[in-house]
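Worksheet: one structure, shown below.
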């Protein structure tokens, strides 16, 4: 009898999602509902002279964990980077067939996280993303206002 490794990984992944409750934003190592955004192309409007990115978005549950001190090397993995575990089946169900560098993981009320690197497990069941929080316009404005007041 052959061992169904893919089924074992899928079962373990589903169990992890089932056991990890949805939590409040900002808590470490929890399941969260996010919007995953992937740019799939661009279109040019000759009348406006503008290029518009075409994105595909999926609202999915993910597991978010912090990197340990031993994993942070300051070069490839920086302080503040996070691991995001995605069930590949959830993305495929929403029409996203793979991850890409620069994809965005957006959580309501939190900073956007940009995909820096990603790995698909050998069975194709789990996508492990390395993400980094993106400094937004509001963050930059607050930072410059703080500097100006000093």
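Considering only segment 28-42, I want to know if a residue exists there that is outside any strand (DSSP E or B) and modelled with pLDDT under 90. Among the residues of segment 28-42, at least one is outside any strand (DSSP E or B) and modelled with pLDDT under 90, which makes the answer yes.
Applying the set (1) over 21 Å from residue 131 (Cα atoms); (2) surrounded by 14 or more Cβ atoms within 10 Å (Cβ to Cβ); (3) in contact with a strand residue (DSSP E or B) (Cβ under 7 Å, 6 or more places away or on another chain) to residue 30 leaves exactly one unmet item: (1). Sub-8 Å Cβ pairs linking a first residue in segment 7-27 that is at negative phi and surrounded by 13 or more Cβ atoms within 10 Å (Cβ to Cβ) to a second residue that is in a helix (DSSP H, G or I) and modelled with pLDDT of 80 or more, at least 6 apart or interchain, are 10/89, ordered by first then second residue. Take the conditions (1) touching a strand residue (DSSP E or B) at 6+ places or on another chain (Cβ under 6 Å); (2) touching a residue at least 12 places away in the same chain (Cβ under 8 Å); residue 80 misses just one of them, which is (1).
The values are calculated or read from the model by the stated rules, or taken from the named source; none is laboratory data. What you are looking at is a predicted structure, and each value in this text was computed from that prediction instead of being measured. So basically every Cβ, Gly included, is an ideal-geometry build from the backbone, and we count neighbours across all protein chains shown.
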